[in-house]
Amino acid sequence: MAYSSFSQFIAALDKAGELKRIAFPVATELEMTEIADREMKSPGGGKALLFEKPTVNGVESPFPVAINTMGSEKRMALALGLGKIDELVQQMTLILKAKPPTNLTQAWNLVKQGMDLLHARPKHVKSGPCKEVIHLMDGPHTADGANGTDPTLKIPEALLPILKCWPQDGGRFITFPCVHTKDPDTGERNMGMYRMQVYDEQTTGMHWQIHKVGARHGKRYYERGERMPVAVTIGGDPSYIFAATAPLPDGLDEILFAGFLRKKSVDLVKCETIDLEVPADVDMVLEGYVQPGELRAEGPFGDHTGFYTPVEDYPVFHITAITHRKNAVYPCTIVGIPPMEDFYMGDASVRVFLPVFKMNFPEIVDLALPAEGVFHNLVFVSIRKQYPWQAYKIMHGLWGMGQMMFSKYIVVVDEDCDVHNTSEVLFRLCANTDPQRDSTFVKSPCDALDHAPSVACIGSHMGFDATRKIPGEGHTRPWPEMLKMDAAIKARVDSLLGRV
Ligand SMILES: Cc1cc2nc3c(=O)[nH]c(=O)nc-3n(C[C@H](O)[C@H](O)[C@H](O)COP(=O)(O)O)c2cc1C
Ligand SMILES: [Mn+2]
C-alpha cells in the first residue's frame, strides 16, 4: 500500500498502537536525542515518537518531528505497507525466478507481477502537495550562528526543526534527506541518503562518501566544470526513505524501486529553480546546487559507528528554493551506539536482497548483519557446502558485490546454523576453526566511517571458514559429530512436559 504523505504513515502507526505523541515542548538540541535514544534502546525498538512542539533555539517550530518511525520489524514492514518484510522477500524471489508460464495459475501470477512492475515506472505531473508553499531563496546568505545559537535553516514563517544530535556534533544535521542527482553523461537518476550539516540559513554540507553514487555524479560535474543541480526531499511515502538507503547497484533507479515497493507509480514534479524532478507528495523539498571544487569542513558527527566521525572536507549545498506542504512533518533519525533505528532499515535491506545474493550464489542459505557490527563490520552467512574451500568463494563473492565490499569480518557457517543467533554463530566459529588454516585476509576499500584502518577508506578484511571441514580442506582427521537428541525422545519429552 502506498502512503500519500508522511502524515498518513504516522496515522497508520498511531492506529497500529506504534506511536507515542509528545505534546510538551522539547528542544531539537540534544533533548530529542536523549528521548529517542531511550526509546530505540527499549525492547524491540520501542515506539515511534512524534514531537508535536519542537523548539529550535527556544523558538517553537510549526513542523512536528517524527523519529524512530521505522525502528522495529513491525514498523519497518508497515512503512512498506506490509504485515511482514518476508512478503516482499517472496515477491523479489518470484520476480527473479520468473519463467514462461506453463499453466493458467502461473500465467495469472506473472500478470500480477507485471502489474507490480508496471507501477515501478514514474509518472510526470504538473504540480503536487510539495508545492503548497514555495520560497525562492534569492537573498544573501547570513550566518545566523553569530549570536551564539546554532545556525538553522530558515523559511520566512519558521525555523526547520533540525536536530543537533550529540553534544560534540559540529552543528545541526538533516538525518533523513533523500538526495536526488543526475549523471550528467547519461541522465540517469539517483536518490541516496547522505546527511547534511546546516552551515547557515541557506547552505549545508553534502556528505556523500567517496564510494557513493552522488559522489560519482559530483565528480563528473566537476570534471565537466559544470554546476551540479541537487534536490533534497524530506518525507512523503516512507518507501522513499527506505529506497534511498537501500544498497542498489549504481544505475538502478531508486525511484523505480520505490514505485515497485509501494505498488504505485511515483508522481514526479519539476523543481522550481533547477532541472530535476522530485516526488510530488513529499513533505519538503530543498532545491539547490553544488559548485565544482567548493569544499567545506563537515563534522564532527555522532555516527552509526557509535563514535564521532572527525571533521573532513565535503561539498557544499547551496539552497535556491524550499517548497513544502502546509502541514509538513519533519521525519528524521538519530544514529549512535547500536541498536538504533537504522539497524531495522539495514536488516530489511539485507532480507530483501537475499534473493539476489542467492541468485548469484545458490549455495547461500541465509545471511545476517548483526547489530553489533553496525552494517558492515560483521557478516554471518550460512551455506550448503559441496566442495572444498567453498566458504572462501562466498567471502570473495560477497566482497565483490556492491556495498558488501565494506564487510570487515565475514564468518561462513554450515546451513544448520542460525545466522540470526549470534551466540550459535560464535559457538561454531570457536569450535570449528583452526585460526591459521581457516582464516584469510584481503585488501579492500573500507567504509568511509570506519576509524580503525590506518588510512581512511582502505584496509584489510578478514574471513573465517567456520564450516565443518570436508576431505580436501587440509583437516586430516575424522570430523566429529555434533550432539543431537533423538527426535523420538524429544517428541516423548514434549508430551511428558505438556502434561505438567
Ligand atoms: C540514517 C542513514 C544515514 C546515512 N548517511 C550517509 C551519509 O551521510 N553519507 C553516505 O555516503 N551514506 C550514508 N548512508 C548510507 C547510504 O544512504 C547508502 O549507502 C545508500 O545505499 C547510498 O546510495 P547510493 O548507492 O545511491 O549512493 C546513510 C544511511 C542511513 C540509513
Ligand atoms: Mn543508487
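Of the set (1) among the aliphatic types (A, V, I, L, M); (2) at pLDDT 95 or above; (3) within 23 Å of Gly259 (Cα to Cα), all apply to Val89 but (2). Can we say Val133 is aliphatic (A, V, I, L, M), within 16 Å of ligand 1 (Cβ to nearest atom) and either modelled with pLDDT of 90 or more or within 22 Å of the chain's Cα centre (by Cα) (or both)? The answer is no for Val133. In contact (Cβ under 8 Å) with a residue 60 or more places away in the chain, buried (at least 24 other Cβ atoms within 10 Å of the Cβ), over 24 Å from Ile458 (Cβ atoms) and of a type in the set (A, V, I, L, M, F, W, C) - does that describe any residue in segment 355-363? Within segment 355-363, not a single residue is in contact (Cβ under 8 Å) with a residue 60 or more places away in the chain, buried (at least 24 other Cβ atoms within 10 Å of the Cβ), over 24 Å from Ile458 (Cβ atoms) and of a type in the set (A, V, I, L, M, F, W, C). Counting only residues that are more than 9 Å from ligand 1 (Cβ to nearest atom), surrounded by 24 or more Cβ atoms within 10 Å (Cβ to Cβ) and not β-branched (Val, Ile, Thr), segment 184-204 holds 1 of them.
Conditions (1) part of a loop (DSSP other than H, G, I, E, B); (2) small (Gly, Ala, Ser); (3) under 15 Å from the mean Cα position of the chain (by Cα); (4) within 16 Å of ligand 2 (Cβ to nearest atom), marked per residue:
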position: Arg216; (1), (2), (3), (4): no, no, no, yes
position: Ala231; (1), (2), (3), (4): no, yes, no, yes
position: Ala244; (1), (2), (3), (4): no, yes, yes, yes
position: Leu248; (1), (2), (3), (4): yes, no, yes, yes
position: Leu256; (1), (2), (3), (4): no, no, no, yes
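Only residues that are exposed (fewer than 12 other Cβ atoms within 10 Å of the Cβ), farther than 29 Å from Ala280 by Cβ and in contact (Cβ under 8 Å) with a residue 40 or more places away in the chain were counted in segment 87-138, giving 1. Being closer than 14 Å to Phe301 by Cα, within 16 Å of ligand 2 (Cβ to nearest atom) and within 17 Å of the chain's Cα centre (by Cα), is that true of even one residue in segment 180-194? Yes: segment 180-194 contains one or more residues that are closer than 14 Å to Phe301 by Cα, within 16 Å of ligand 2 (Cβ to nearest atom) and within 17 Å of the chain's Cα centre (by Cα).
Let's see how each residue does on (1) of a type in the set (Phe, Trp, Tyr); (2) within 16 Å of ligand 1 (Cβ to nearest atom):
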residue	(1), (2)
Pro247	no, yes
Leu256	no, yes
Lys263	no, no
Lys270	no, no
Ile274	no, no
Pro292	no, no
Phe301	yes, yes
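None of Glu372, Glu424 is among the acidic types (Asp, Glu), farther than 27 Å from Leu96 by Cα, more than 16 Å from ligand 1 (Cβ to nearest atom) and at pLDDT below 95 except Glu372. Residues in segment 244-275 that are farther than 14 Å from Met191 by Cβ and of a type in the set (S, T, N, Q): Ser265, Thr273. Listed by position, the strands (runs of 3 or more DSSP E) enclosed by segment 378-456 that each have at least 1 residues that are surrounded by fewer than 17 Cβ atoms within 10 Å (Cβ to Cβ) and either touching a helix residue (DSSP H, G or I) at 6+ places or on another chain (Cβ under 6 Å) or among the charged types (D, E, K, R) (or both) are 439-445.
Condition check for Leu286 on (1) modelled with pLDDT under 95; (2) surrounded by 24 or more Cβ atoms within 10 Å (Cβ to Cβ): one failure, at (1).
The values are calculated or read from the model by the stated rules, or taken from the named source; none is laboratory data. Small disclaimer: the values here were computed from a predicted structure and weren't measured. Because the Cβ atoms are built from the backbone with ideal geometry, glycine has one as well, and the counts that use them run over all protein chains shown.
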